[in-house]
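First, the structure itself, so that you have it in front of you.
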Amino acid sequence: MGDLYLWLKAGHVISVIAWMAGIFYLPRLFVYHAEQRAAVPQMVPTLEVMERRLLQAIMTPAMIATWVFGLILIGMGAFDWGAAWSWIKLACVIGMTAFHMWCAAERKRLATGTATMTGRNYRMMNEVPTVLMILIVIAVIVRPF
């Protein structure tokens, strides 16, 4: 079971990296979209394609793989239900998933022209996954709780 555990853990880490890359980049595309829709409207269709493909082809499959690998690892006993770090990680991963879903909804609002957020608002929202990622890494590696 040792080799299987390591392969599953590697799959989990690879999936997390792919998910995080997308979750950091998509709100940045939203910044460009919000700021360029009036200034350079011919850029908007390209941004919409980039946003949709990033979400559908990279982020969502990576999020699903992250959850699948993570749940299998939990089933194998890789989660210490008695330790606070485990619960902090789980809460942050749920928060990251909620942020992912917010991104998906925001992409649709941008595509339909109903989004109301400014480029500055999107820049601020882009800090949410960074904070969650920092908390997850500290909880899992340092385990201060």
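What single numbered condition from (1) out of contact with any helix residue (DSSP H, G or I) (no Cβ under 7 Å at 6 or more places or on another chain); (2) surrounded by 12 or more Cβ atoms within 10 Å (Cβ to Cβ); (3) free of Cβ contacts under 8 Å to residues at least 24 places away in the same chain; (4) among the aromatic types (Phe, Trp, Tyr) fails to hold for residue 67?
Single failed check for residue 67: (3).
Matching residues to (1) within 11 Å of the chain's Cα centre (by Cα); (2) of a type outside the set (Phe, Trp, Tyr); (3) at pLDDT below 95:
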| position | (1), (2), (3) |
| --- | --- |
| 2 | no, yes, yes |
| 8 | no, yes, no |
| 19 | yes, no, no |
| 23 | yes, yes, no |
| 40 | no, yes, yes |
| 49 | no, yes, no |
| 67 | no, no, no |
| 86 | no, yes, yes |
| 105 | no, yes, no |
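Turning to a different aspect of this structure: Output the qualifying pairs, or none if there are none: Cβ atoms under 9 angstrom, residues six or more apart or on different chains, first residue in region 25-49 and under 22 Å from residue 59 (Cα atoms), second residue at pLDDT below 90 and not in a helix (DSSP H, G or I).
Note: no pairs meet the criteria.
Let me ask you something else. Tell me which residues, restricted to region 72-120, are assigned to a loop (DSSP other than H, G, I, E, B) and either of a type in the set (Val, Ile, Thr) or under 20 Å from residue 134 (Cα atoms) (or both).
79, 80, 83, 114, 116, 118
Take region 53-64 and flag every residue that is surrounded by 17 or more Cβ atoms within 10 Å (Cβ to Cβ) and more than 15 Å from residue 14 (Cα to Cα).
54, 55
Now for a different question. For residues that are assigned to a helix (DSSP H, G or I) and of a type in the set (D, E, K, R), scanning just region 121-145, find the one that is surrounded by the fewest Cβ atoms within 10 Å (Cβ to Cβ).
By that ranking, first place goes to 127.
Okay, moving on. Just name the residue that is farthest from residue 144 (Cα to Cα) out of those in region 70-86 that are in contact (Cβ under 8 Å) with a residue 60 or more places away in the chain and of a type in the set (Gly, Ala, Ser).
For region 70-86, the residue satisfying everything is 78.
The values are calculated or read from the model by the stated rules, or taken from the named source; none is laboratory data. The shown structure was predicted, so the numbers you read here are calculated from the model rather than taken from an experiment. Cβ: placed from backbone, ideal geometry, glycine included. Neighbour counts: every protein chain shown.
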